[in-house]
Each structure stands twice: as structure tokens, then as C-alpha cells.
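The structure appears below as C-alpha cells.
The values are calculated or read from the model by the stated rules, or taken from the named source; none is laboratory data. As the structure is a computational prediction, the values presented were derived from the model and not from experiment. Cβ sites come from the backbone with ideal geometry, for glycine too, and all protein chains shown count toward neighbours. Side chains are part of the model used for accessible areas, which takes the heavy atoms of the whole protein and leaves out ligands, DNA and RNA. Shrake-Rupley method; radii C 1.70, N 1.55, O 1.52, S 1.80 Å.
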Amino acid sequence: MTTTMATGTATAGPADVTAPVLFKAACPDCRGRFELASDAFRLAIGGSRRTTFYSFTCPDCRRAVRRPAGERIVELLTGGGVRTLRLHSG
């Protein structure tokens, strides 16, 4: 998974508009490759590698995709504004 900044049109005025972050992703079912905005992802952070993952819906085949998320992926997704759910055990 990699991130890219979306290119947008410049606006006149003092407001500094930040371009949305796009993530390159792929579907293991239909093998589609695409870029998705941060709001298309969900990140779940659990107490172990097995319970830390991200998910999204493939825009091509509409299947739910769930992939493991290591430390670097967690860092990229949280830095890009992906909604995060922290799973607690106990």
C-alpha cells in the first residue's frame, strides 16, 4: 500500500486547502487496482498482529476486503486520516 496526494485545482484566497490523501490498493478477488480516499478505509488496531487490520470495499466488484496491517501500514493510514477503531481485550 502506498499513499499519494490528490491533485486539485488551486483556489484564490488566503485559505490553505489541503488535498485529500489517496491510497493505492488492490482487490485480491477481482485483481482490480485503484486509488481510494482515506474515508473509504477502516483501520482496527488490536492487541496482536492477528487483530490489527484495515478494510475497504472494492469499487470494482463491491466485495469487502480485509488485510493485515503492520506498523508501517498503521502509521500511513492514521497519518492519512483513516478512521481508526481500537480493539480492547479484557
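Brief remarks on what is shown
- Residue selected from segment 60-75 under the condition assigned to a strand (DSSP E or B) and touching a residue at least 12 places away in the same chain (Cβ under 8 Å), by the criterion least open to solvent (accessible area, probe 1.4 Å): VAL65
- Total residues in segment 68-90, condition over 11 Å from the mean Cα position of the chain (by Cα) and of a type in the set (Lys, Arg): 2
- So THR78, is it assigned to a strand (DSSP E or B) and either open to solvent by 50 Å² or more (accessible area, probe 1.4 Å) or among the basic types (Lys, Arg) (or both): no
- Any hit, segment 2-21, residues being among the small types (Gly, Ala, Ser), open to solvent by less than 40 Å² (accessible area, probe 1.4 Å) and modelled with pLDDT of 95 or more: no
- Options THR57, THR51: the member that is hydroxyl-bearing (Ser, Thr, Tyr), open to solvent by 30 Å² or more (accessible area, probe 1.4 Å) and touching a residue at least 24 places away in the same chain (Cβ under 8 Å): THR51
- Residues that are surrounded by 15 or more Cβ atoms within 10 Å (Cβ to Cβ) and under 19 Å from LEU87 (Cα atoms) within segment 34-48 comprise PHE41, ARG42, LEU43, ALA44, ILE45, GLY46, listed in sequence order.
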